[in-house]
Amino acid sequence: MHIVPSTPGRRSRQTRTGVATLLVSREGSRAIERNVGLDGSKWIIGRGPAADIRLDDDTVSREHVELTREAGAFWVHDLGSTNGTYVNGLLVRRRAVIAGDAITVGHHTLRLAQPSTRISTLPRWDVSERATVRCHNRVAASVERELELARQIQHRLVPDSARFPQLEVAVGFEPCSWVGGDYADTLPLADGRVLIAVADVCGKGLQAALVASSLHTLVHASADRAEGLCETATRMNRYLMRFLPPHSFVTLGAMIIDPASGMFEHLNAGHLPALMLSASGGAAPLAAGRNVPLGVIESSFEIQRGLLALGDAILLYTDGISESDDMSHGRLARLAAGVMTSHRGGSATDLREALARALAPCRGAEVDDRTFLVAKRSASLPEPAAIGDASERHVA
């Protein structure tokens, strides 16, 4: 990251060609505080030491907003900041920005300048420029409405929680953008067993979300046909081989559990190892690496069988959890085991909420979808309820 500070008492007269720049100024001032060359594709803006563009301002969160360049366009994505991110005075979560847009972060204003723009002070817009910005705002607002609808649809496809006789399932689901490429699901089968699944589509954003929604359809169609895990994985693999873009793939962790006996079948297709959490506080990974990810090559699939004892739980998760800041697989196992010990008599929902709290400080600079699923077997549960309404969703 190349930062060019302005000389105190003088106006910055930098001329940059070939590289977009970000002009940073303090609230109420038109003088440029500094000029940041945007040579890469992603920048974290905040006051923390890990930020690529640091703003020394108590009104700015440690990791406040992410600026990305995608297919030649720039986007801002608020990272759950305390005071929010504004573009041209409008509070946004994610928004495309163009040259001249005012991005307000705390007491700072940031403006994008395209290559070959001569910089002196912040420009005063003429009437035509203001009209262009108003038009841009209307288009951006329309895009945000469409993205919000897409977000709502995806959240409805992912259950918040579900209860079955002797088994409860709870899901933590948090896309890194409006929509994401993680998929999690649970559904009852005709023979009384329960299917749980977590998948991770290579990539982020709309493309990955479209693939994730197709996984939902494939899994439910296979369940309706009473197919086993191997048949389901084979069907999904063949479908994805036909329709995935080049160099893309999907990893899958899925289980079919008999709540009455605790017997389960487990299939891992290139996914992270599931964790078996014992009531006594132990955490053991299940086998992984036997099967290739989906959508890569024609393949047969193997399953693993085991027993989920009363009081024990299963944790399925995506790499947005395991690859968070300083989060190794071993540390995740210890953290999950500690949650099981401190919530020994708790429900799957209790475990999910405790895990979410424990994982919250472990976010890294690399922003990714974060999804996990907890399934806990208990001696008795209230009468089975319908799968939880996504409007009451708990995020990871």
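Taking the Cβ of residue 215 as the center, what net charge do the other residues with Cβ under 12 Å away carry, scoring Lys and Arg +1 and Asp and Glu -1? Mind showing how you got there, number by number?
Numbers: positive: 235; negative: 182, 185, 200.
Its environment carries a net charge of -2.
Mind putting a number on the dipole of segment 258-331 about its Cα centre? Charges go on the C-beta only, +1 for Lys and Arg and -1 for Asp and Glu, and I need it in Debye to the nearest 20.
Working: 3 positive and 9 negative charges, 41 e Å.
Here segment 258-331 has a charge dipole of around 200 debye.
Hey, what's the Kirkwood Rh for segment 213-362 if you take every pair of different alpha carbons, in angstrom?
Numbers: mean 1/r = 0.0604 Å⁻¹.
For segment 213-362, inverting the mean 1/r across all distinct Cα pairs yields 16.6 Å.
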| field | Using θ = phi - 60° and Karplus 6.51 cos²θ - 1.76 cosθ + 1.60, couplings along segment 61-68 (whole Hz; Gly, Pro as x) | value | 6, 4, 10, 8, 8, 10, 10, 10
| request: Return the long-range amide H neighbours of residue 311 (sequence gap of 5 or more, or a different chain), with a cut-off of under 5 Å between placed amide H atoms. | output: 377, 378, 379
| task | With no solvent and one equal point scatterer placed on each C-alpha of segment 162-205, evaluate the Debye formula and give log10 I(q)/I(0) for q = 0.22, 0.26, 0.32 Å⁻¹, two decimals. | result | -0.77, -0.91, -1.17
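For segment 257-352, what % of the accessible area comes from carbon and sulfur atoms, probe 1.4 Å? Show your work: numbers first, answer last.
On the way: 2050 of 3870 Å².
On segment 257-352, the fraction of accessible area on carbon and sulfur atoms equals 53 percent.
Using only the alpha carbons of segment 182-242, what is the convex hull's orientation-averaged projected area in square nanometres?
Numbers: hull surface 15.9 nm².
Dividing the Cα hull surface by four gives the mean projection, 4.0 nm².
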| request: Please name which of 60, 84, 73 has its Cα lying farthest along the dipole of segment 54-95 towards the positive end, using unit charges on Cβ (Lys, Arg +1; Asp, Glu -1) and the Cα centre as origin. | output: 73
| said: As a test of the definition: which semi-axes, in Å, follow for segment 154-269 when you take the square root of five times each eigenvalue of its alpha carbon gyration tensor? Largest first, please. | reply: 24, 17, 11
| Sorted by accessible area with a 1.4 angstrom probe, largest first, how do 343, 247 fall? | 247, 343
| query | When the Debye formula is applied to the Cα atoms of segment 265-339, each taken as the same point scatterer, what base-10 log of I(q)/I(0) results at q = 0.11, 0.18, 0.26 Å⁻¹? | reply | -0.31, -0.77, -1.22
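What size of dipole, in debye to the nearest 20, comes out for segment 153-294 about its Cα centre when the only charges are +1 on Lys and Arg C-beta atoms and -1 on Asp and Glu C-beta atoms?
In total the dipole reaches around 360 debye.
The values are calculated or read from the model by the stated rules, or taken from the named source; none is laboratory data. Bear in mind the structure is a predicted one, so any value in this text is a computation, not a measurement. Because the Cβ atoms are built from the backbone with ideal geometry, glycine has one as well, and the counts that use them run over all protein chains shown. Please note that ligands, DNA and RNA were not included when accessible areas were found on the heavy atoms of the full protein model with its side chains. Shrake-Rupley method; radii C 1.70, N 1.55, O 1.52, S 1.80 Å.
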